[in-house]
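First comes the structure, then the notes that go with it.
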Amino acid sequence: MIEKTRVGSRLAISMRCSVSLIALLALGLGDDAAAAPGDANDTAVDEIVITAQHRTQSDKDTSETVSVINPDNLDEFSAGGADITFLNARVPSLYASSSFGRTYPVFSIRGFGDNDFDYNAQQPVAVIFDNVVLSNPILKAFPVFDSAGLEVAKGPQGTLYGTDTPGGVIKIDSQKPTDRFEGYGDVAYGTYDTTSFNGAVNMPIEPGKLALRVSLMEEYRANWVTNNYAPDYRASKVGGYNDMAGRVQLLWTPDADTSVLLNLHGRDMFGTSTLFRANAEQPGTNNTAPGFKVDQMAFDDLYTQKLQTRGASLTVDHDFGPVKLTSISGFESGTILSRGDIDGGYYNPNSGANNLPIGVTSWLNGSSYTYPDAASQDLIPNLEQYTQEVRLSNDPNNRLFVQGGAYFFHDLYQDLTSEFNDSYNAAGLVQDNPLGELLNTRQSAVSWGVFSEASYKIDDRWTVGAGVRDSHDYKDLYTERYFAQGNCCGFLQGSAPDDVNNTGYHKNTAGVGGSLVSWDFTTNYKIDENVSAYFRAARGGKGPAIEARDTFANNISTAKQEVTTSYEGGFKSDFWDKRFRLNVDGYVWNDRDAQLTSTGGANNFILLQNAANVEGYGFEVEGTLKPLPNLLLNGGMGYNHTEIQDPNLYTTPCGDGCTVTGPLAMVNGQQLAALNHAPLQNAPLVTANWNVRYTIPLNDASGLFAFTDWTYRSKTLTTAYMSAESDVKPLLIGGLRIGYENYDLDLEASAFVRNITNTVQIIGVAIDFIPGNYNGYVNDPRTFGIEIKKRF
C-alpha cells in the first residue's frame, strides 16, 4: 500500500516542479513558433530514417525489416501512465507483457520470446537504450520519455549486437543535447488520480562547444483496487504506484571531429506488484469468472514493489579522416524488492473463511492436505552491469563501407527469494507470516565478442553486404537454500539429498559457457526511385543459460546454447507522389536447441529445457497513407506461426484441475504434457495496429485535432503446455485523443481515453500449481484524462 503522506509529499513536490517548469517554458513564448501542420504543400509522408545498423540510412536503403515509432506517437501510446509494455502490438509482430508489474517486461518478436520470470532470465529480444544493452529485466523496464524515437529490428541481430538477440532488438534513443535553448513540459491528470509529468530543458552552455539537456518524468496513480478481506491489516487497497525517472546529458564538442556525450540516468518506483486474483478465471475456459470485478479482490498478504536503478554512459566519437572511432562505456546498477500474494486470496483453516476451495487433493502424493496460504518475495540487493564497446568505421557514403570492433559485458547479480506461509488465529486474523524458504542466489556473467560488417555498392541500384561476429558467453551461479521445518509443506522436510540431518540447508552451484560464430548476408536492389527489394540471411542465437529459482525443490537447470537461422525478404515502396508508403516482408526462421522455460506446473518448477528444433514463419505489412494534407493513417499487421518440433520434449502440466488441451503422456510413471507441435508461449499468431490523426485548421495560428489508435493480438498461450485457461483470449485495445493546438504558442491541450471499450480480461495465469485456484491477472480498465503540453 502506498503511504498517503509519502505519496502526497512527493506529488506536491512533483506538481511544484511541474508548475515551475511550465513557468520556465513560458519564457520561450517569443521564440520562433513551429510550422503549423496541414500546410497545403504538405502532402508527402515523412521519410523513415533508420539507425539500427550504426549509421543513418533511409528505410529503403536498409536491407532488413525495421519498424519505427516516432516520438509523437510514443507520447500518444504511453498516455495515462502506461509502462513500457505499452509497446505491445505497436508494430507488427511485437508482443510485450509482464507478470511483475512495472518492473519486468517480457518481449517477443515474430513469436520469438520466453516466459521466464526469474531475475537472471535471458530473453531473446535485446533492449538497447542510448546504445547500451540493458540485460537484466529490471533495467529493460526503464520508462520511455523525451525520446528521439524507437526502432524494432527483427530477426537475429548476431553481427552488430551479439548473442541474446535471436528475436531482434528494440532500440530506444533519447533526445540529445543541441546548440539551442529549447524544451517542453507535459502535465496530465486522469482516472484514479493518475497524474503524470514529463519535460525537458535543453541549454547551450558554451555555443558550439558545450550543451546540457535535463529530462524528467513522474507518474502517480492512487490505490484503486479494494481488498475485501476485511480482517487483513496489511493492505486495504492496492494498484497504485509512484514512478520517477530522470536523465542528464552533457555534450562536449571541442572540435568538428570530436564529440563526447555523458549520460546520467536513474529511476525510483514504489508501487504495487501484479495482482494475482484467485478464482478470476472460469474453469475450463479463458473467460473471467461470473461476478468478477476489476476493482475488487480478497487477499491476506502484500502486493508491493520498490525499485531503484542508476546508470551512466560515456560515448566518444572521433573522426580521424579515413576512419571514425566510437567508444561506448556503460554502467548500470539496480535494487528491487517485489512481494506478491501468489495464491491471490486467503483461506483460514481455523475460522473457515475463504475465497479458495477447501478439501483439495494433493498433487504430490494423492493425499488430502490443508492448503497453506502463500506469498513470495524477491530482493535484489545488488545488481551491477558493465559494458564496453569500441568500433571503427569509414565514411558511410563510400562505395565500400566497413565497420568493426569489440564488445565486453560483465554482470554481477544477487537475489534473495523468500517464500512465506501465513498462519491465523481463531478469530481469522493474519497472525504471522513465517518464512517457509529462503534462497540466496549469486551470479557472475561475462560476455565478449569481436565483429566486422561491410557493404558494397555494386552500382547506384544494387548493394550487397555481409558481417560476422565471434561471441563468447560464460556464467557461474551459486545458491544457498534454507527451508524451515514445521512451518509449512511437510514435503520440503529433508528434501535435499545431502541434508541427512534434516537441518533445512542445501547449496548448489552451476556453470555454463559457450561460443558462437554468427553472421548475416544482405542485398538491396532499387527497382526504381520509389521501390526497393531486399533479402537477408542471418545466423544468431542465445548463449547458454542457467535457471536459478531453486525454491520448492533442488532443480537448478541449465540449457545449452541455441542457434537461430533466419531468412527474410521484402519490398519497401512509395506510391502516389509519396503520399502512400507500403512495406511488405516474409520470413522463415529455424531455432536449433531452442531454450524454452516451463513455469509453474504441478511441481511449481521453473525449468529450462532445450527443444531439438523450433520453426517459425510469417509475413508483415506496414503502411502509411496521407490522402489529404490534414489526414494521416498508419497501420500494420504481422502473421507469426511457431511450432516446437521435438517428440521427446515434455513438461509438467497444471496442478489446479485445469483443462489441458494438448496431448498427455506417461513418462517414467508421471503424466506429462507433450510439447511436440505446440506453439511457443507469448507468441500470438496475429498482431495488428492502426492509428488515424485528423487536423481541422481554425486559422493560421490554431487548429483542432483527433487521434485514435488501436492494437490487436490474437489468442496467446501463456504457459509452455496448452490448456484452455492459459491460452488467453484475443485482445483489442483502443484509445482516443481530442485536442486544441496553438501553433504560435506551440501549446497543446487535449482530453484522452485509454481502453475506450473498457475491455477487461485475463491476460495471463499468475500461478498454476495451486489446486482449484484458477488464478489470473488482467489488463487495466478504461481510464480518462486531460493533458497540457507546451514547447518552447
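The values are calculated or read from the model by the stated rules, or taken from the named source; none is laboratory data. Since the model is a prediction, treat every value here as computed from it, not as a measurement. Cβ atoms come from the backbone with ideal geometry, glycine included; neighbour counts cover every protein chain shown. Side chains included, ligands, DNA and RNA excluded: accessible areas come from the protein's heavy atoms. Shrake-Rupley method; radii C 1.70, N 1.55, O 1.52, S 1.80 Å.
Points to keep in mind about this one:
- Hits in the range 744-759 - residues which are of a type in the set (Gly, Ala, Ser) and open to solvent by 30 Å² or more (accessible area, probe 1.4 Å): 749, 751
- Residue selected from the range 118-140 under the condition part of a loop (DSSP other than H, G, I, E, B) and touching a helix residue (DSSP H, G or I) at 6+ places or on another chain (Cβ under 7 Å), by the criterion surrounded by the fewest Cβ atoms within 10 Å (Cβ to Cβ): 121
- The conditions of being surrounded by fewer than 24 Cβ atoms within 10 Å (Cβ to Cβ), closer than 21 Å to residue 308 by Cα and hydrophobic (A, V, I, L, M, F, W, C) are not met by residue 212.
- When the range 92-117 is limited to residues that are of a type in the set (Gly, Ala, Ser), part of a loop (DSSP other than H, G, I, E, B) and more than 23 Å from residue 637 (Cβ to Cβ), the one that is modelled with the lowest pLDDT turns out to be 99.
- Residues (closer than 30 Å to residue 762 by Cα, β-branched (Val, Ile, Thr) and open to solvent by 40 Å² or more (accessible area, probe 1.4 Å)) located in the range 246-293: 288
- For the range 130-171, a tally of residues being farther than 27 Å from residue 242 by Cα and among the aromatic types (Phe, Trp, Tyr) returns 1.
- Residue 103 satisfies every condition listed in (1) of a type in the set (Val, Ile, Thr); (2) surrounded by fewer than 22 Cβ atoms within 10 Å (Cβ to Cβ); (3) in contact with a helix residue (DSSP H, G or I) (Cβ under 6 Å, 6 or more places away or on another chain) except (2).
- Test result for residue 143, closer than 22 Å to residue 312 by Cα and open to solvent by 10 Å² or more (accessible area, probe 1.4 Å): yes
- If you go through the range 288-315 and keep only what is in contact with a Ser or Thr (Cβ under 7 Å, 6 or more places away or on another chain) and in a loop (DSSP other than H, G, I, E, B), you end up with 295, 303.
- Taking (1) more than 21 Å from residue 69 (Cα to Cα); (2) within 25 Å of the chain's Cα centre (by Cα); (3) assigned to a strand (DSSP E or B) in turn, residue 691 satisfies each apart from (1).
- Qualifying residue in the range 719-733 (condition: open to solvent by 50 Å² or more (accessible area, probe 1.4 Å), without any contact (Cβ under 8 Å) to a residue 60 or more places away in the chain, out of contact with any helix residue (DSSP H, G or I) (no Cβ under 8 Å at 6 or more places or on another chain) and of a type in the set (A, V, I, L, M)): yes
- Residue ID - nearest to residue 176 (Cα to Cα), chosen from residues in the range 84-100 that are under 11 Å from the mean Cα position of the chain (by Cα) and crowded, with 24+ Cβ neighbours inside 10 Å: 87
- Set 637, 666: member being open to solvent by 30 Å² or more (accessible area, probe 1.4 Å), more than 27 Å from residue 589 (Cα to Cα) and part of a strand (DSSP E or B): 666
- Among residues of the range 392-405 being outside any loop (DSSP other than H, G, I, E, B) and open to solvent by 30 Å² or more (accessible area, probe 1.4 Å), the one that is nearest to residue 313 (Cα to Cα) is 392.
- Strands (runs of 3 or more DSSP E) wholly inside the range 506-585 that include at least 1 residues being on the phi < 0 side of the Ramachandran plot and in contact with a helix residue (DSSP H, G or I) (Cβ under 9 Å, 6 or more places away or on another chain): 531-542, 562-575
- Conditions (1) at pLDDT below 95; (2) surrounded by 16 or more Cβ atoms within 10 Å (Cβ to Cβ); (3) in contact with a Gly (Cβ under 9 Å, 6 or more places away or on another chain); number of the one not met by residue 500: (2)
- One residue stands out in the range 228-245 among those that are of a type in the set (A, V, I, L, M, F, W, C) and not in a strand (DSSP E or B): the one that is least open to solvent (accessible area, probe 1.4 Å), namely 235.
- Just one of the numbered conditions (1) open to solvent by 40 Å² or more (accessible area, probe 1.4 Å); (2) part of a loop (DSSP other than H, G, I, E, B); (3) of a type outside the set (Lys, Arg); (4) without any contact (Cβ under 8 Å) to a residue 60 or more places away in the chain is not true of residue 657: (4).
- Residues of the range 106-117 classified as of a type in the set (Phe, Trp, Tyr) and crowded, with 23+ Cβ neighbours inside 10 Å, total: 2
- Looking only at residues of the range 505-526 that are free of Cβ contacts under 8 Å to residues at least 40 places away in the same chain and open to solvent by 70 Å² or more (accessible area, probe 1.4 Å), we find that the one that is nearest to residue 480 (Cα to Cα) is 507.
- The numbered conditions (1) open to solvent by less than 20 Å² (accessible area, probe 1.4 Å); (2) not in a loop (DSSP other than H, G, I, E, B); (3) not hydrophobic (A, V, I, L, M, F, W, C) are all true for residue 220 except (1).
- Pick from the range 303-315, criterion buried (at least 20 other Cβ atoms within 10 Å of the Cβ) and not small (Gly, Ala, Ser), ranking: farthest from residue 726 (Cα to Cα): 315
- Counting the residues of the range 158-170 that are open to solvent by less than 10 Å² (accessible area, probe 1.4 Å), in contact (Cβ under 8 Å) with a residue 60 or more places away in the chain and of a type outside the set (A, V, I, L, M, F, W, C) gives 6.
- The residue that is surrounded by the most Cβ atoms within 10 Å (Cβ to Cβ), counting only those in the range 609-632 that are in contact with a Gly (Cβ under 7 Å, 6 or more places away or on another chain) and closer than 30 Å to residue 547 by Cβ, is 616.
- Answer residue from the range 316-347, given it is in contact with a strand residue (DSSP E or B) (Cβ under 7 Å, 6 or more places away or on another chain), at negative phi and in a loop (DSSP other than H, G, I, E, B) and is surrounded by the most Cβ atoms within 10 Å (Cβ to Cβ) among those: 341
- Selection of first residues in the range 308-334 that are more than 19 Å from residue 253 (Cα to Cα) and of second residues that are of a type in the set (Ser, Thr, Tyr), restricted to Cβ pairs under 6 Å at least 6 apart or on distinct chains, gives the following pairs, ordered by first then second residue: 308/335; 310/333; 330/313; 330/387; 331/386; 334/309.
- Selected residue [under 28 Å from residue 167 (Cα atoms) and either touching a helix residue (DSSP H, G or I) at 6+ places or on another chain (Cβ under 9 Å) or of a type in the set (S, T, N, Q) (or both)] from 646, 709: 709
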